[in-house]
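Scroll down for the structure; my scribbles are underneath it.
The values are calculated or read from the model by the stated rules, or taken from the named source; none is laboratory data. Note that the coordinates shown come from a computational prediction; the quantities given were computed from them, not determined experimentally. Cβ placement follows ideal geometry from the backbone for every residue including glycine, while neighbour counts extend to all protein chains displayed. Accessible surface areas use protein heavy atoms only, side chains included; no ligands, DNA or RNA. Shrake-Rupley method; radii C 1.70, N 1.55, O 1.52, S 1.80 Å.
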Amino acid sequence: MTLEEVVGTNSTEMETVSQAVEELLVAAQRQDCLTVGVYESAKLMNVDPDSVVLCLLATDEEDEDDIALQIHFTLLQAFCCDNDINIVRVSGVRRLSQLLGEDTEDSNGNEPRDLHCILVTNPPVQPLQCQALQHVSSFCEQSRCSNQWVPCLELRDG
């Protein structure tokens, strides 16, 4: 029995959720509702955890052996669970880079932003009105009901 069978999720639904995550990220970036980077995310969650509606943790195969990153992820996941923040792990850092218009280096030769952790915030003044947010939130809730506290998705290069 596969994980999808246990959780009751098929590949078509997973692709739909992955597309919703992509739409949500683009919409949130347009409205300046994204926080990018492990350190920046931790700072924001320490100051204003109630504004965070989704924590996206992104890795690729080469990141699996990065112990420091895995420790950061464990701490972020625990904080999100304690504060009722939806959390999703995704593979596809390169796809995130494409979606967010990130270059491998900026014009000054600086390192690209750390895309391993991305927070979507929903400010009370001008809340995100996005069907994709509702879809992703519903997916996270369904996953928790199936005892999958940190669901995993794959973002495919577009």
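Couple of notes before you dig in:
- Taken together, the residues in region 79-125 that are farther than 14 Å from VAL150 by Cα, basic (Lys, Arg) and at pLDDT 85 or above amount to 2.
- Selection count where residues are within 18 Å of PRO124 (Cα to Cα), of a type in the set (Asp, Glu) and either crowded, with 16+ Cβ neighbours inside 10 Å or modelled with pLDDT of 95 or more (or both), scope region 20-33: 0
- Restricting attention to region 141-158, the residues being under 13 Å from ALA58 (Cα atoms) and of a type outside the set (Asp, Glu) number 6.
- Of the residues making up region 144-153, those that are open to solvent by 50 Å² or more (accessible area, probe 1.4 Å) and touching a Lys or Arg at 6+ places or on another chain (Cβ under 7 Å) number 1.
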